[in-house]
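Let me begin by presenting the structure, written as structure tokens, before commenting on it.
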Amino acid sequence: MSRAHPSSPSGTCRKSPRAVEREPGQPASGARALLNGLLRLVRPPFVYHMDSPTERKALIDKLWSGQYEDSIGRFTASNGDLINLFGQQVEVEAGAADELPIGRPRRPDRLQSSWPRFEGVLLALFRARSQKMVALETAALSVRFLHYRVSRNVWDTVAFFSRLVMHRQWTEQLCDDALKRDPGAPYEVTTALTAACFDNYTIKVGYGSFATVDRKGERFDMTNWGSVSVPASAVPANLSLQAMLHGGIFRDDISLTAFARSFSVIAPDIVANQQKRWRHYMQRAKDGKLDEKPNFASPYPPTHFVWHDPIKDRLQSSYEDVNFEVDWIRAHAMHKDSAAVMLGGDGLTYMRIISRLAQSPRLYLWTSPIIIPRLGEHPHGTYHVLHGDWRLWWPLIERAAVIVGNKQVVADPNVSQFNESEHFLRILTAACAEYVLEIAQTGTDVRATSTFLNDADANLSFAYVCQFLYLFGFKFKQMRDSVRTNDSATLDLLWRENLASARAATKSGNVGESGKTNYATMSVVLIYWGCALREPLATAYHNTRTLRWIFSHVGWDMPVEMLNMLIHESVVANITHELIQKFVRRLNFTWVVHRGLERILKANRARDEATLKDIDKDKKLLIEWLRTSIGTTYAQATQASNDNLLGVDMSRWGGDRNAAAKRRGAPWAKRVAVMQDCDEYVRRKMRDYCHWHSWQV
């Protein structure tokens with residue numbers, strides 16, 4: 001039986017003998033049935049004809065759902081004969097004249113992917129047959145292109161060669177039509193209170209070297225904001241703020257003395273958490289899982305956001321601007337009828353809000369909608385915690401950076417340098433933890449926290465290593481894990497513990513001591529709001545401590561940070577306020593589609609264990625430095641010594657001559673010293689920022 005050549009005029013391609021030939025004894029009708037099956041192209045669900053208004057609306061509604069998992073593999077499942085045919089193909093060179101040998105053809109190697117092998121082939125086949133036929137994946141990918149404002153040249157090229165995306169004009173029209181069918185949050189939203197997050201944003205246009213006399217640079221100042229759809233499952237069913245407002249939302253059974261003492265460096269629950277934390281992360285380091293992220297199944301759905309037009313020509317540098325922004329949000333249609341609005345953002349936003357509450361409590365706490373401030377605890381909150389301790393521990397960090405040749409870390413990192421700082425902190429924490437575990441093998445069990453740290457204290461250099469882990473490295477890890485798991489109780493413990501570090505970093509004569517004095521204030525006021533609210537509002541407050549993102553939780557500052565980043569990355573040409581407004585409006589739809597695709601792309605991805613580039617190389621260098629400097633056995637590491645064995649710059653830690661001064665200058669000693677007036681400090685902050693509260697005598 002002759003076979004058609006791939007390049008024959010008929011245009012037919014060569015089929016596998018097992019796919020189309022009649023086997024001996026097989027009826028001719030069976031062969032025809034098989035051939036008929038190969039020629040049939042079954043249209044599966046979620047493929048829509050754009051000439052049908054009903055199907056176009058169905059596509060928009062499906063995209064709004066953000067749930068696309070049920071579409072995976074439907075082309076493959078509906079066209080089994082074609083899939084078998086594709087799997088039997090044999091790759092040959094173009095123009096090859098040899099016939100296909102009889103027997104089992106060589107199949108492609110198994111594809112390691114959760115997406116069926118030939119799903120994209122059939123998807124493209126449907127698009128090639130009719131430009132009116134649009135699959136869910138095609139529409140979603142096109143919307144994602146619009147989400148990131150892919151350049152027109154790239155977009156047109158991909159659409160021309162692959163047919164896997166629609167053209168830009170079609171996508172923009174789809175997006176505008178979709179906004180008219182916005183179904184709102186895909187879960188039940190509480191009616192007890194509303195929420196919003198905001199942050200200022202500035203974009204500069206035309207300030208580059210290419211600017212001419214005819215075109216001056218422009219600067220667009222704005223405040224971006226969005227409403228947060230608080231899930232009803234996070235709020236107690238019996239919460240009635242209107243009823244609570246008559247009696248006040250604050251408790252009157254709290255002792256100011258007890259509240260102030262809860263920040264002490266020797267507060268029992270803080271010390272207990274430090275010791276438990278030491279054992280937990282040491283065990284993880286021993287198991288090789290120090291950077292493993294917690295496996296957390298959030299009880300709440302991914303948070304739905306409604307983005308609003310930016311507030312033009314307003315930042316947060318003045319109280320006038322903040323007053324305008326807060327009043328603007330309170331008067332918005334989504335919040336004006338609410339009894340309370342939770343307002344969140346980064347540290348600057350938080351400080352502005354709590355200052356306004358202190359200045360006008362009658363307006364913002366006794367007139368609805370009242371304001372409940374929310375501090376964003378990642379990325380800005382974790383940066384604040386890292387920054388304070390980073391200042392305290394800089395001599396050790398600086399010396400370690402020299403050992404590995406790291407020139408990226410600086411003494412006083414700003415927010416934009418957070419990632420580089422966190423990266424090196426992970427490396428140093430891992431190296432110190434592995435070294436301590438190695439030392440413990442020849443002495444006291446590392447799980448005996450108090451005994452181990454007391455022994456380490458004899459050798460000042462080894463104490464630096466252990467206390468760095470105990471007070472900084474492991475604290476930062478615990479905070480990151482607590483944000484991811486929405487662990488409000490642990491976050492409160494960490495912020496109370498952080499007060500000592502924040503104050504010590506400011507008053508110790510360390511780098512940049514004149515700035516960042518708000519860290520301590522934030523620590524105190526944040527704890528006040530967490531413990532001062534009456535039930536059931538307190539439960540709602542702690543349940544919404546962080547916001548569910550896609551797979552884990554983030555801070556109240558993250559959503560607007562992402563919005564600002566998208567504007568910066570996507571709105572890059574012919575920038576105007578109107579263009580930014582259009583981008584933000586469409587984001588309400590494109591964001592939903594983007595997150596739906598992310599769930600599919602990352603659903604079966606191996607867990608990110610935070611494997612860092614060159615981390616093993618740097619860890620080995622640091623561990624060898626510690627071995628050489630301090631010793632390799634427990635006896636050597638705990639031998640009494642006040643010498644500067646690590647070779648750190650002691651100018652910020654009491655100098656290098658007087659042993660007593662070096663002990664007083666150690667970071668843990670500074671934390672204790674600066675908290676001698678803890679009671680009065682906390683009382684003063686309560687008078688300044690929460691003076692309305694009636695404390696128990």
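The values are calculated or read from the model by the stated rules, or taken from the named source; none is laboratory data. Nothing here was measured: the structure is a model prediction, and the numbers come from that model. Cβ placement follows ideal geometry from the backbone for every residue including glycine, while neighbour counts extend to all protein chains displayed.
Numbers for the structure displayed
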read-out: Residues within the stretch 318-332 that are in contact (Cβ under 8 Å) with a residue 40 or more places away in the chain and not in a helix (DSSP H, G or I), tallied; value: 1
read-out: Residue in the stretch 168-184 that is modelled with pLDDT of 90 or more and either aromatic (Phe, Trp, Tyr) or under 25 Å from the mean Cα position of the chain (by Cα) (or both) present; value: yes
read-out: Criterion violated by Asp412 - all others in (1) in contact (Cβ under 8 Å) with a residue 40 or more places away in the chain; (2) assigned to a helix (DSSP H, G or I) satisfied; value: (2)
read-out: Selection count where residues are within 25 Å of Thr194 (Cβ to Cβ) and of a type in the set (A, V, I, L, M), scope the stretch 566-592; value: 6
read-out: Residues being surrounded by fewer than 18 Cβ atoms within 10 Å (Cβ to Cβ), out of contact with any Phe, Trp or Tyr (no Cβ under 9 Å at 6 or more places or on another chain) and either among the β-branched types (Val, Ile, Thr) or assigned to a helix (DSSP H, G or I) (or both) - total across the stretch 119-140; value: 3
read-out: Condition met for Leu375 (under 30 Å from Ile630 (Cβ atoms) and buried (at least 24 other Cβ atoms within 10 Å of the Cβ)); value: no
read-out: Check on Arg149, within 16 Å of Val584 (Cα to Cα), in contact with a helix residue (DSSP H, G or I) (Cβ under 7 Å, 6 or more places away or on another chain) and assigned to a loop (DSSP other than H, G, I, E, B); value: yes
read-out: Criterion violated by Val402 - all others in (1) touching a residue at least 24 places away in the same chain (Cβ under 8 Å); (2) closer than 30 Å to Phe474 by Cα satisfied; value: (1)
read-out: Residue selected from the stretch 481-493 under the condition crowded, with 21+ Cβ neighbours inside 10 Å and in a helix (DSSP H, G or I), by the criterion nearest to the chain's Cα centre (by Cα); value: Val483
read-out: Residue in the stretch 611-631 that is at pLDDT 90 or above, among the hydrophobic types (A, V, I, L, M, F, W, C), in a helix (DSSP H, G or I) and under 30 Å from the mean Cα position of the chain (by Cα) present; value: yes
read-out: Any hit, the stretch 292-310, residues being among the acidic types (Asp, Glu), assigned to a loop (DSSP other than H, G, I, E, B), more than 25 Å from Leu193 (Cβ to Cβ) and in contact with a helix residue (DSSP H, G or I) (Cβ under 9 Å, 6 or more places away or on another chain); value: yes
read-out: Scan of the stretch 242-280 for residues that are over 24 Å from Gln478 (Cβ atoms), of a type outside the set (D, E, K, R) and not in a helix (DSSP H, G or I), ordered by number; value: Gly248, Ile249, Phe250, Ile254, Ser255
read-out: Filter result (within 23 Å of Pro186 (Cα to Cα) and either modelled with pLDDT under 95 or in a loop (DSSP other than H, G, I, E, B) (or both)) within the stretch 535-560; value: Thr544, Arg545, Thr546, Trp549, Ile550, Phe551, Ser552, Gly555, Trp556, Asp557
read-out: Positions within the stretch 495-513 being at pLDDT 80 or above and of a type outside the set (Phe, Trp, Tyr), in sequence order; value: Arg496, Glu497, Asn498, Leu499, Ala500, Ser501, Ala502, Arg503, Ala504, Ala505, Thr506
read-out: Residues within the stretch 565-574 that are surrounded by 17 or more Cβ atoms within 10 Å (Cβ to Cβ) and either assigned to a loop (DSSP other than H, G, I, E, B) or at pLDDT 95 or above (or both), tallied; value: 1
read-out: Any chance Asn238 is in a loop (DSSP other than H, G, I, E, B), within 29 Å of Thr194 (Cα to Cα) and not β-branched (Val, Ile, Thr); value: yes
read-out: In the stretch 168-201, the residues that are of a type in the set (A, V, I, L, M, F, W, C) and assigned to a helix (DSSP H, G or I); value: Trp170, Leu174, Cys175, Ala178, Leu179
read-out: Qualifying residue in the stretch 199-210 (condition: surrounded by 12 or more Cβ atoms within 10 Å (Cβ to Cβ), touching a Leu at 6+ places or on another chain (Cβ under 9 Å) and of a type in the set (A, V, I, L, M, F, W, C)); value: no
read-out: So Gly381, is it in contact (Cβ under 8 Å) with a residue 40 or more places away in the chain, out of contact with any helix residue (DSSP H, G or I) (no Cβ under 7 Å at 6 or more places or on another chain) and crowded, with 17+ Cβ neighbours inside 10 Å; value: yes
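Residues are listed down the side, and each one gets a yes or a no for (1) within 26 Å of Pro301 (Cα to Cα); (2) touching a helix residue (DSSP H, G or I) at 6+ places or on another chain (Cβ under 8 Å):
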| position | (1), (2) |
| --- | --- |
| Ala139 | yes, yes |
| Val143 | yes, yes |
| Phe161 | no, no |
| Met166 | no, yes |
| Gln169 | no, no |
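For every residue, the table says whether it meets (1) assigned to a helix (DSSP H, G or I); (2) of a type outside the set (S, T, N, Q).
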residue: Gln417; (1), (2): yes, no
residue: Glu422; (1), (2): yes, yes
residue: Arg426; (1), (2): yes, yes
residue: Ala431; (1), (2): yes, yes
residue: Glu434; (1), (2): yes, yes
residue: Ile439; (1), (2): yes, yes
residue: Thr444; (1), (2): no, no
residue: Thr451; (1), (2): yes, no
residue: Asp455; (1), (2): yes, yes
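To keep it simple, each residue is scored yes or no on (1) at pLDDT 95 or above; (2) under 30 Å from Thr544 (Cα atoms); (3) β-branched (Val, Ile, Thr).
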{"position": "Ala431", "(1), (2), (3)": "yes, no, no"}
{"position": "Asp445", "(1), (2), (3)": "yes, no, no"}
{"position": "Cys466", "(1), (2), (3)": "yes, no, no"}
{"position": "Asp481", "(1), (2), (3)": "yes, yes, no"}
{"position": "Thr485", "(1), (2), (3)": "yes, yes, yes"}
